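The structure appears right after this line, and notes come after that.
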Amino acid sequence: MAFMNVFVSLVAIVSIALVSPTMATDFVVGDESGWTLRFNYTAWAEGKQFYVGDNLIFNYKEGAHNVHKVDGTGFRECLAPLTSVALTSGNDVIPLATPGRKWYICGIGKHCADGNMKLLITVLPQMGSSPAPAPSTSSSSGLDGPQTLFGFIISAFGAFLMSFFI
Ligand SMILES: *[C@@H]1O[C@H](CO)[C@@H](O)[C@H](O)[C@H]1NC(C)=O
Ligand SMILES: [Cu+2]
C-alpha cells in the first residue's frame, strides 16, 4: 500500500508539472494605469510571480512613452545604451523568454529618473521540463494546444486514482 501511495503522489506531481508551464500569463504593466508617469512599478511587481513563457504588456499612448530593455546599470542610472532600440507601439508585448532579472525603463525625457517609469522583475524558470514555447508567438489565452489537454487528462487520472486512497 505504501508503494501505491508513492505512485499516486508521483502521478499528482507529474500532472502539476505538466499543466503549470502551459498556463502562460499576460501581465499588463501597471494594470489599468498602464505604462505612465509616477506609478510605483516596484509596488506593482511585488508579490507577482513571473515565469518563462509569460508576457509583459506595456500600454500607453503611442509617442508619449516608450520601453527600453536595459541592464542593472541602465536601470539605476535611468539611461538606455545608445544602441538600444525602444519599443514604441503603445501596446508592446514582451515575451519573457529566459529566467533572471529584467529591467525596463522609459527612455523619453526624464520619465525614468523623475517620473519613476522603471520596472524591475525577476523571471522564474518554468516548472517542469517542457520545451520552451516559441518566443515569437504571443498567446493571449492560457489554454493552448494538446499539451494542456494532455496535462488535464493526467490530472484527472491522478485525482481519480487518489480518490481511492484518501
Ligand atoms: C514603491 O513601493 C515600494 C514597495 O512597496 C516602496 O518600497 C517604495 O518606497 C515606493 N516608491 C515610491 C517612489 O513611492
Ligand atoms: Cu515615459
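The values are calculated or read from the model by the stated rules, or taken from the named source; none is laboratory data. It should be emphasised that the depicted structure is a prediction, and the values quoted were computed from it without experimental measurement. Here the Cβ is made from the backbone with ideal geometry for all residues, glycine too, and neighbour counts use every protein chain on show. Protein only, heavy atoms only, side chains kept; ligands, DNA and RNA dropped before computing areas. Shrake-Rupley method; radii C 1.70, N 1.55, O 1.52, S 1.80 Å.
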Could you give every pair whose Cβ atoms fall below 6 Å, whose first residue belongs to the stretch 28-55 and is farther than 15 Å from K118 by Cβ, and whose second residue is crowded, with 19+ Cβ neighbours inside 10 Å and among the small types (G, A, S), counting only separations of at least 6 or pairs across chains?
G53/A24; D54/A24
Among residues of the stretch 75-90 being within 15 Å of ligand 2 (Cβ to nearest atom) and at negative phi, the residue surrounded by the fewest Cβ atoms within 10 Å (Cβ to Cβ) is S89
Restricting the search to the stretch 94-113, which residues are basic (K, R) and surrounded by 15 or more Cβ atoms within 10 Å (Cβ to Cβ)?
K102
Return the pair list, or none, for Cβ contacts closer than 8 Å from residues in the stretch 80-107 that are farther than 15 Å from F58 by Cα to residues that are of a type in the set (S, T, N, Q) and open to solvent by 60 Å² or more (accessible area, probe 1.4 Å), at least 6 apart or on different chains.
G100/T122; R101/T122
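I'd like the residue in the stretch 58-87 that is outside any strand (DSSP E or B) and aliphatic (A, V, I, L, M) and, out of all such residues, is modelled with the lowest pLDDT.
From the stretch 58-87, those outside any strand (DSSP E or B) are 60-61, 63-64, 66, 71-86; that's our starting set.
Keeping just the survivors that are aliphatic (A, V, I, L, M) gives 64, 79-80, 82, 85-86.
Details: A64: 98, L79: 97, A80: 95, L82: 91, V85: 96, A86: 97.
Per the criteria, the residue is L82.
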